[in-house]
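Accompanying notes for the structure given below.
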Amino acid sequence: MGVTADSEIAAAVLNTFKWNWDVPGEKIKIRVEKGWVTLEGELEWNYQRDTAKTVVSRLNSVKGVSNNITIKSESLDELEKRDIKHALAGNWSLNDREIRVKVSGSTVTLSGLVDSLYQKDQAGKIAWNAPGVRSVDNELVVEYSDTMVE
């Protein structure tokens with residue numbers, strides 16, 4: 001088996017980013033040296049950073065990946081509480097719940113009552129997906145109903 005040239009690996013990385021919706025490849029710089037790929041740039045979400053590394057590490061001939069991508073720090077003004085509340089209200093399982101959202105820097109705190117652990121988990125996931133969020137303090141309380149449906 002022959003050795004794949006660094007230029008071929010770089011082309012494969014670019015092509016992989018092109019076809020992966022979770023990775024904004026235009027914001028990522030790549031460097032390939034002897035099969036080792038270095039990723040650099042600034043993205044809004046950590047899942048994008050993780051996905052970029054995962055898809056590159058799966059490519060043939062890639063010996064390793066240095067993930068030097070940083071997460072764009074957002075100011076309090078940019079991390080809008082109303083955007084998180086809107087996303088929570090738009091979720092079918094949460095749209096009738098009163099969930100309080102507090103934003104302090106890049107930390108989101110959720111409080112209030114929900115009907116199930118599923119709703120608590122969903123609310124936490126939605127908050128984590130907001131740009132600039134680095135921490136979610138999910139203080140939602142699950143209040144189980146005493147009524148039985150027959």
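The values are calculated or read from the model by the stated rules, or taken from the named source; none is laboratory data. On a predicted model such as this, the values are computed, not experimentally measured, just so you know. In this analysis, Cβ positions are derived from the backbone assuming ideal geometry, glycine residues included, and neighbour counts consider all displayed protein chains.
Key figures
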| quantity | calculated |
| --- | --- |
| Total residues in the stretch 112-133, condition out of contact with any Asp or Glu (no Cβ under 6 Å at 6 or more places or on another chain) and on the phi > 0 side of the Ramachandran plot | 0 |
| The stretch 17-73 - residue that is of a type in the set (Ser, Thr, Tyr) and surrounded by fewer than 17 Cβ atoms within 10 Å (Cβ to Cβ) and, of those, nearest to the chain's Cα centre (by Cα) | Tyr47 |
| Residue count, the stretch 123-135 (criterion: crowded, with 19+ Cβ neighbours inside 10 Å and free of Cβ contacts under 8 Å to residues at least 60 places away in the same chain) | 5 |
| Residue list for the stretch 6-49, filter: aliphatic (A, V, I, L, M), assigned to a strand (DSSP E or B) and modelled with pLDDT of 90 or more | Ile28, Ile30, Val32, Val37, Leu39 |
| Odd one out for Arg100 among (1) outside any helix (DSSP H, G or I); (2) among the charged types (D, E, K, R); (3) not assigned by TED's automatic domain parsing to the domain that holds Val136 | (3) |
| Residues that are modelled with pLDDT of 90 or more and over 11 Å from Leu88 (Cα atoms), drawn from the stretch 121-133 | Asp121 |
